[in-house]
Amino acid sequence: MEKIDFIKNKPVWVREPKQAVITETSVEIITEPKTDLWQRTYYGFQNDNAPVLQIDISEPYFSFVVKTHFESKCRFDQCGIAMYLDSDNWLKASIEYENTEYQRLGSVVTNHGYSDWATTDISADIKEMWYRFSRRESDYCIECSTDGVNFKQMRICHMWEGSRQIKVGIYACSPEQSSFKATFTDMEITECKWAAHK
C-alpha cells in the first residue's frame, strides 16, 4: 500500500478538546483535567472521556507511526496512540507520568468492557517517544522507539471486535487535576512492518 498522510486523510475527533491545533504536519493538544480512558478492572471505575483523533481504515495489514513530544508533569498525564472502536473496545499506548524520578511506558487493551495495563518504568527525563501500531487482521502489535528508526516490541494482542474496519490515531489526557501540552508529528500509515511469524 502507498503511504497515507494522517492529516490529509481528515481525521475525526472522538470528544474534541477545548484546546487543539491541527496543521499540515502536527497536532497539538492541551489536555483537560479528569480526562481518561479506563474500564472497570481492579479500580472498579469507568472513565471514557479522553479526546481521540482518528481516521477510518479498512486495510487488514498496515502500520501507523507517530512521534510524540510531551510536557507532562502530574501523575497519570499521558499521550500516545489509540485505536478507539467504542467505549468497551479500544487500545492505547503511551507514557504516563508518575513522579520526578520515573514514568511508565505502557499499554492498555480493553476487550468487551475490561481493561488491562502492561507497563515498564523509564526515566522521567524522557519527553519524546515514537510509537508504531501494526495490524495483521484482528491481531495487533505495538512498538516504541526513541529515535524513530529502531523499534522495540511493547506487546502483541488480539481485539475481539477489531477484525473489520477500524479507527486509529492519537490521544492525550490528564486523569487527575492537571493539564499539559502534547504534540504529535511524523504521522503516517504504511505497509505492515510487523512481519508474519515463521
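A compact table of results
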| quantity | calculated |
| --- | --- |
| Label-point separation in nm, residue 160 to residue 190, each point 7 Å along Cα→Cβ | 3.4 |
| Globularity ratio of segment 1-103, using Cα Rg and 2.2 N^0.38 Å | 1.15 |
| Gyration tensor verdict on segment 96-151 (Cα atoms; rounded if a/c is under 1.5, prolate if a/b is larger than b/c, oblate otherwise) | oblate |
| Percent breakdown of C-alpha pair distances by 5 Å bin, ordered from the shortest bin, for segment 79-125 | 6, 24, 25, 19, 14, 9, 4, 0 |
| Extended-chain gain in nm, criterion 0.36 nm per residue less alpha-carbon gap, residue 19 and residue 181 | 57.4 nm |
| Peptides 42-54, 2-14, 87-99 ordered by average Cβ neighbours within 10 Å, highest first | 87-99, 42-54, 2-14 |
| The chain, dipole about Cα centre (Lys/Arg Cβ +1, Asp/Glu Cβ -1), debye to the nearest 20 | 200 |
| Longest to shortest principal axis, alpha-carbon extents of the chain, angstrom | 42, 37, 31 |
| Built amide H within the under 5 Å cut-off of residue 179, gap 5+ | none |
| Rg/Rg_ref, segment 45-130, where Rg_ref = 2.2 N^0.38 Å and atoms are Cα | 1.15 |
| Inter-part distance where segment 11-41 and segment 123-145 are each reduced to a Cα centre, Å | 18 |
| Counted charge near residue 188, where neighbours are those whose Cβ lies closer than 9 Å (Asp, Glu -1; Lys, Arg +1) | -1 |
| Amide H within-cut-off set for residue 168, under 5 Å, with H built and near neighbours excluded | 55, 57 |
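Each value in this text was obtained by applying a stated rule to the coordinates, not by laboratory testing. Bear in mind that the values here come from a model prediction, so they are computed numbers and not experimental data. When we count neighbours, we look across all protein chains shown, and the Cβ atoms used for this are built from the backbone with ideal geometry, even at glycine.
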